[in-house]
């Protein structure tokens, strides 16, 4: 498969892929961390460069260690012997720079050209990522319904469970907010114990958040 010590053939399967990058949330005078996930590569001869982009101007963050903290990359070997890593960049903003964004640029011997992923422009809020409602048997005539909303900002979010077909009575629920590591993002877990017979009519969970123009919702009927 190898053509030389640094060049791989065109059908080499273990090329790096940038699976995702955290959003860039604008927070003044606080440490901000952006992180990307890179997977599927072999060998671990991988180079990652963080690029600051403001308008048409680009700057290599590795040349400005006084303002940016870039930890050493830790390569994790997977079951198929490929590697995965999560390089990060940390910094503190002291002024509003909404046209600022960051690029994660990846180089590897298997790539003819570098690949990159952008955080996108700075944001003041991030919409929640919704999941399906999970239904679990609870007591004899009740079920536990739960919904997880992931990776949103800011923290404040309202989640309400209701029975749509019975004049929208509000159902009692328990909501828990969790901060996700150093990404400044939040997850919410909302649980509601509902009588089994109530699921014969339409149950709706609704959430409102600063990032949403209109409330989000999921419906459940069994």
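Of the set (1) part of a strand (DSSP E or B); (2) more than 25 Å from residue 92 (Cα to Cα); (3) in the same structural domain as residue 34 (by TED's automatic domain parsing), all apply to residue 110 but (1). Filtered by the rule that a residue be surrounded by fewer than 13 Cβ atoms within 10 Å (Cβ to Cβ) and at pLDDT 90 or above, region 179-218 gives 213, 214, 215.
Scanning region 154-172 for residues that are more than 16 Å from residue 219 (Cβ to Cβ) and surrounded by 15 or more Cβ atoms within 10 Å (Cβ to Cβ), we see that the one that is modelled with the lowest pLDDT is 154.
Within region 97-141, the set of residues being touching a helix residue (DSSP H, G or I) at 6+ places or on another chain (Cβ under 9 Å) and touching a residue at least 60 places away in the same chain (Cβ under 8 Å) comprises 102, 135.
The values are calculated or read from the model by the stated rules, or taken from the named source; none is laboratory data. Model, not experiment: these values are computed from the prediction. Glycine also receives a Cβ, built like all others from the backbone with ideal geometry; neighbour counts cover every protein chain displayed.
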